[in-house]
1. Among what's in the range 75-86 and is surrounded by 11 or more Cβ atoms within 10 Å (Cβ to Cβ) and out of contact with any helix residue (DSSP H, G or I) (no Cβ under 7 Å at 6 or more places or on another chain), pick the residue that is nearest to Leu59 (Cα to Cα).
2. Looking for something modelled with pLDDT under 95 and in contact with a helix residue (DSSP H, G or I) (Cβ under 6 Å, 6 or more places away or on another chain) - is there at least one such residue anywhere in the range 33-41?
3. Scanning the range 46-71 for residues that are of a type outside the set (S, T, N, Q) and surrounded by 15 or more Cβ atoms within 10 Å (Cβ to Cβ), which turns out nearest to Cys19 (Cα to Cα)?
4. Just to verify a result, which residue in the range 2-18, among those that are at pLDDT below 70 and of a type in the set (Gly, Ala, Ser), is surrounded by the most Cβ atoms within 10 Å (Cβ to Cβ)?
5. I'd like the full set of residues that are exposed (fewer than 15 other Cβ atoms within 10 Å of the Cβ) and among the basic types (Lys, Arg), limited to the range 19-34.
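The values are calculated or read from the model by the stated rules, or taken from the named source; none is laboratory data. This structure is a prediction, so every number in the text was calculated from the model and none was measured. FYI the Cβ positions are ideal-geometry reconstructions off the backbone, even for glycines, and counts take in every protein chain you see.
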Amino acid sequence: MLRPPNSPAPWPGASSHPCARCGEPTAGILPGDLCAACTGLLERRASRLGRWTALGTSLALAVYLALTLRAVAPAWAGTARTLALVAVGAWYLLTYRIAKQVALQWLREQRSPRSARPSS
């Protein structure tokens, strides 16, 4: 006689493992992985950190370019401003993607709340 599956997964014989962050048993994840709720939370936090980092560095670049482009000849001022705007936009997008990935890795490697509690 077959044993009943020990998992709430929709397929027979699947195993569930606890989430590395919240400890909720979740079907279909590998040991040490995060559940969908924890993954979404980390994604949102990493996205927020990436946006603020990209915004801060882009503002610094925009100020630098605005101060530097004051010395451009009037005939080239329009072209220089357009190029600076494109450069700041590209800088923002690249910095956002890089900072989000770094923040996501950093947040995943932080100690989980369960392991931070003192053991009895």
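1. Leu85
2. So far as the range 33-41 goes, no, none of its residues is modelled with pLDDT under 95 and in contact with a helix residue (DSSP H, G or I) (Cβ under 6 Å, 6 or more places away or on another chain).
3. Ranking the qualifying residues of the range 46-71, first place goes to Ala46.
4. Out of the qualifying residues, it is Ser7.
5. Hits for the range 19-34: nothing passes.
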